[in-house]
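Derivation of every value follows stated rules applied to the coordinates shown; laboratory data play no part. Note that the structure is a prediction, hence the values are computed from the model and not measured. Ideal geometry is used to build each Cβ from the backbone, glycine not excepted, and the neighbour counts take in all protein chains shown.
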Amino acid sequence: MRRGEIIPSGSRTRSVIGPLAPAACSTGNTGWRELGAVAAGLALLAGASAPARAAGYSEFLDSIEFRGFRAEASYTSDDNVTRAPSGDSLRDRILGVRVSAAGVIPLSTRTRAAVQGFAGTQKFGTYTGLSNNFIGTQGDFFFRSSGEFAAATYGAFVRTAKEEYDSNLRDGYRHAFGVTVLKPVTDRIQLSGALARNISDGKSTVFDQSNTSLRGNADWSLGRWDTVYLGAEFRRGDTVSTGRQTLALVDTADVIVQDDAFNDTTRFAYRFEARTWLATLGYNRAFGERHSLDVSWRRVQSMPLHPPGNASASELRYVVNQFSVAYLARF
Amino acid sequence: MRPLLHPAAVTLALAALLSGCSQSNTGDPVAQPITGPNSFLLFPNPGAPQPNGSFQTNTTAYAQAYYAAIDPLNAKDTLTKWMNANGFGTGGTEVAVVFGDTRDLGYGRRMTVRRNVDGTIAAMVENYLAYSIADYVYNRVNLDAAVARDSRWHVGTNGIEFSPAPNGQTFAKFFTFNPVTGERLLAASLDGRGEKAMPGICISCHGGRADPLTPTGGFPREGNTRARLQPLHVDSFDFSSAAGFTRPDQEAKLKTINQLVLCTYDLPQGTLKPTGFAEDDCRPVATSDAWFSQWQSTAAEMVKAWYGGDGMLSAGFSDTYVPADWVGQETLYKGVVAPYCRVCHILRGTSNQSDVDFTSYLFKFEDYADRIKAHVFDRGNMPLAKIINRRFWSSNAPELLATFLDNHGFNVRDGSGNILRPGRPLADPGPDRTTTVPATLSGANSLFASTYNWSIVSKEPGSSPTLTNANTATPVFNTNINGTYVLQLVVGNGSASSNPEQVTLTVDSGLSPAPSAVRFSDIRAILQSSLTGCTGCHTDASSTGAAGVPPWEPLGFTPPIFYTDYNRGGTPGTAGDGVYTANSTDDDYWFYLALRGRANFTDIAASPLLRKPTGHHHGGGQVLDFNNTSACVAPCSGFATLGDWYRAQYNTFVNWIVNGAPY
């Protein structure tokens, strides 16, 4: 088991792009509500044949294969928690704890559903306004075309989480939905990918965000206990950068709000559309079936989609490096 | 056994349930309601109110009249035309600087100043303000936008030229242009508080006057507002770190601009040139008439001091200037006057009445203690621009000023010693006066008030005074016995009440003329009376106007308004003819409208017509001496003393203004 392994659609770990919290999105709200309506409709259709009998609910519960609890404790060093351009970035250390519980529901020989609930906390050492607690849930539907070893597993997921910060403006909800694919290449190498729509609904408009991400991941098992993994992700859509006022950012931003998570000086949160690349390189060392230690490095680079003519790239681009050590347990 | 409730449905339903988690953006900053007065950049003595409640100096008509006076052929109705007319880009001296105006208007400013070979000077200023960043404040982005000439934040372009006007006089003229189209504008919103008319938004801090329009709708003095060019206080600017725009990069240019501004300040009449100081070579020597009736180039000494004094030998700006008459009060000067008052006040005043330039503590600033309290702590319209006002209230300056007022008998502190700020309700029951009854009172000049509560504090023995509509701004007082009555007004704003303020009414049923019957003819008679002696100075006999030409500029030591009868409107024979018709062919009507400019209808007690003759900042000293015990002779027969007669005349002035100063 390694970080983020739990379900192919991705676990909720620290967001390394955009704000360390929801940023903004009015359109995102609408999109999510529509999605919710669709999901609710499907739920009603699926359950339409079910008269409300207590026995049915009991049988449903019996059908869930409980996969146990997972816990993660992590320490992360982040060299740019403000997601600010060079010269305006702030470094901090973050302690994180996350627990989750998951269950799988076989639907047929080729399909299954999974549900997961998770909760956690992040504590920032210096910029405590970024510290937050979160709770959420995720639902997945999987399809595998055959039982052959190399057969791919396709999935669709919906995830939502509530986040509460030690500051005010970032508080809100974070949603995602998308499709996934998981394919073993050899008995040591496994590839996975996901296309997702990510929506954040913050208390401030600047933290209302929506973006689309395309992610790929490769796991290489060096042996029974050791895994190296490499991930790459591209996001296109809203991101938020917090920094002092510059003409370049002001001209770029769609929304500007004074950020309440920082009190070292006056800083503003700028929401703008960007293309963002994330790369992750990690190593996971398992200690038995239930424990592992995970070390990873993530690098994020983001550039506005619509930079003003008077700005140089260095005035707008932000780069983040995160180094994490995490202890993971399953029980 | 298959579950009757499909598990996929449960998953989706759960997601659907949570998908309802959304929220409104309650964390976003909400536009705060404007508190305090919205009168920044408007003259605190706003002139006659218009039918719609606005003031003439803030009307489209005022702006139109101004441009018509300084540019009758509309030859400068676009920025391009104006720049061409002033020779931008041609020969002569031309320098450009970019700076952040942190103290006054908050803009990033790109200023180009030039002096033509004919001596005319013009300044073109592009203003940049990034409104998107929350509030109207200065921030570095404004400066960066000016450096980059970022059109997104270009909010306007101002033009000032010091050049001959159509009437032949050379004076400063002010223009503002649309940042996109370049069209000349009649009004502009300089501080995000709505559009205000030209030229008031400029000249209110350039030493200009706010005199009324003439009966023909013309601008007084053919557009000569007496406003001046402002020198640049370099220490209060913010500068970019970009090459070419740093302070060191621009220091020499800034000095050049200040030298060019100095070129527009007259040398005193009789000065022999060359003075021995190169910076004076471009300065005209004032004619006797101009010098002894107009602004005394007070700022010239300060500008020179910024660069080492006469000769201006210092390359860099350094402000350690304290006028000689402020020695001993340096803390007050440096803590209050220099940063918050001087920028506008030093361009004001005339030789006859220069108190308002605040260049002396003892003879000028100190004598304004009552008005300082009224404008700064009560009305809140000083300092006159929003940013500088905000900075004032976030500094130690209010404490310094409150201490000054404490020492002069004016209390601006609450019971706990905290400084009172404008915005609290303040009652104004109007000035003490003699009246007939029934008398309509007015508390309309109360500040920040929405409720009114009048009461009778004292009365004549045996009388039965009444107040009708005592909870309105305009109750009616009546009584059955002549004598003295003290009334009290308390106003409120829904959450707080004012301190009570009293007004003393002396009821005289035989008063003639009755307050409601006072007309301009009565006021004219007082002003022209030999007992007041007003026309000894306020006379057209000493003016530059030729026969049949309005005397725009007075001669030495004469004031800017004349109380004598003369041909003001170009129609001979109607001045003082005893016929009063409100049209442009009636010279008396010209006189009347000019005189209305001496009334302050928002703060009646502050009307120059009341303050000047009673000895407040009046070149002629105290005229209406209520304590004069001299015996009365004609035309004041019937009064026990001359002082009594003076009080009666003053009372007539009060009643005239209280009743709207009718013609």
(Q) Quick check: the distance between the Cα centres of the range B:336-373 and the range B:560-621, to the nearest angstrom? (A) 25 Å
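With charges set only on the Cβ (+1 for Lys and Arg, -1 for Asp and Glu), what does the dipole of chain B come to about its Cα centre, in debye to the nearest 20?
Value, rounded to 20: 1260 debye.
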Q | Semi-axes of the equivalent ellipsoid for the range A:179-331, Cα gyration tensor, largest first, Å | A | 36, 18, 14
Q: Give, in nm to one decimal, the length gained when the segment between B:PHE363 and B:SER458 is fully stretched (0.36 nm per residue of separation minus the Cα-Cα distance).
A: 30.4 nm
Q.
For a quick check: sort B:THR157, B:THR214 by the number of other beta carbons within 10 angstrom, fewest at the front.
A. B:THR214, B:THR157
Q.
Give the lysines reachable from B:LYS304 as a straight Cα distance under 19 Å; neighbours fewer than 8 places away on the same chain don't count.
A. B:LYS253, B:LYS255, B:LYS273, B:LYS334
**Q.** Viscosity 1.567 mPa s, 4 °C: Kirkwood-radius Stokes-Einstein D of the range A:158-203 over Cα pairs, µm²/s
**A.** 102 µm²/s
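Once R0 is set to 60 Å, what does the formula 1/(1 + (r/R0)^6) return for the Cβ-Cβ distance between B:ASN178 and B:VAL476, expressed as a FRET efficiency to the nearest 0.05?
Values: r = 50 Å, r/R0 = 0.83.
Calculated transfer efficiency: 0.75.
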Q | Between the range A:113-142 and the range A:228-277, the Cα center-to-center distance that results, in Å | A | 21 Å
Q: Specify which residue in the list B:SER509, B:THR468, B:GLY621 is farthest towards the positive end of the charge dipole of the protein assembly as shown, using unit charges on the beta carbon of Lys, Arg (+1) and Asp, Glu (-1), about the Cα centre.
A: B:THR468
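For the protein assembly as shown, what is one quarter of the convex hull surface built on the Cα atoms, given in nm²?
Numbers: hull surface 214.2 nm².
The orientation-averaged projected area of the Cα hull of the protein assembly as shown comes to 53.5 nm².
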Q: Work out the FRET efficiency for B:THR170 and B:LEU73 from their Cβ-Cβ distance, taking R0 = 22 Å, and round it to the nearest 0.05.
A: 0.75
Q) Leaving out same-chain residues fewer than 8 places away, which lysines sit with a Cα under 18 Å from that of A:LYS162? A) A:LYS123, A:LYS203
Q. Label 7 Å along Cα→Cβ of B:ASP118; the range B:140-179 residues with amide nitrogen under 20 Å?
A. B:159-175
Q) In the range B:279-374, with Lys and Arg counted as +1 and Asp and Glu as -1 at Cβ, which of these residues, B:TYR340, B:ALA315, B:SER351, has the Cα nearest the positive end of the dipole, that is, farthest along it? A) B:TYR340
**Q.** Ranked list, fewest to most other Cβ atoms within 10 Å of each Cβ, for A:HIS306, B:HIS408, B:HIS617, A:HIS175
**A.** A:HIS306, B:HIS408, B:HIS617, A:HIS175
Q. At what distance in nm do the modelled label points of B:GLN23 and B:THR614 sit from each other, each positioned 7 Å from its Cα along Cα→Cβ?
A. 5.9 nm
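With a 10 Å Cβ neighbour count serving as the proxy for reagent exposure, in which order, fewest first, do A:ILE199, B:ILE388 appear?
Values: A:ILE199 28, B:ILE388 24.
If I rank by nearby Cβ atoms, fewest first, I get B:ILE388, A:ILE199.
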Q: Compute the Kirkwood hydrodynamic radius of chain B, taking the inverse of the mean of 1/r over all pairs of distinct Cα atoms, and give it in Å to one decimal.
A: 27.5 Å
**Q.** Extension gain from B:ILE419 to B:ASP370, taking 0.36 nm per residue of separation minus the Cα-Cα distance
**A.** 16.0 nm
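If you average 1/r across every pair of different Cα atoms in the range B:425-468 and take the reciprocal, what Kirkwood value do you get, in Å?
On the way: mean 1/r = 0.0817 Å⁻¹.
Radius from the Kirkwood sum: 12.2 Å.
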Q | Eligible lysines near B:LYS612 by straight Cα distance, threshold 25 Å, same-chain separation 8 or greater | A | B:LYS364, B:LYS373
Q) Taking the Cβ of B:VAL234 as the center, what net charge do the other residues with Cβ under 12 Å away carry, scoring Lys and Arg +1 and Asp and Glu -1? A) -1
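When the helices in chain B are scored as -39500 (n - 2.57) per DSSP H run of 4 or longer and the sum is shared across all residues, what 222 nm value do you end up with, to the nearest 500 deg cm²/dmol? All intermediate terms of the calculation are to be shown ahead of the outcome.
Working: 16 runs with 138 residues, N = 663.
That calculation yields -6000 deg cm²/dmol at 222 nm.
Compute the signed sum of charges (Lys and Arg +1, Asp and Glu -1) over the other residues within less than 12 Å, Cβ to Cβ, of B:THR434. Walk me through the numbers before you get to the answer.
Details: positive: B:ARG433, B:ARG647; negative: B:ASP432, B:ASP508, B:ASP644.
Result for the local shell: -1.
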**Q.** Inter-centroid distance (Cα atoms) of the range B:271-290 relative to the range B:197-223, Å
**A.** 28 Å
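Between A:ASN263 and A:ASP226, how high is the FRET efficiency from 1/(1 + (r/R0)^6) when r is the Cβ-Cβ distance and R₀ = 56 Å? Nearest 0.05.
Numbers: r = 44 Å, r/R0 = 0.78.
Taking R0 as 56 Å, the efficiency between A:ASN263 and A:ASP226 is 0.80.
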(Q) Expected output is a single nm value to one decimal: the length gained when fully extending between B:ASN407 and B:ASP325, i.e. 0.36 nm times separation in residues minus the C-alpha distance. What is it? (A) 27.7 nm
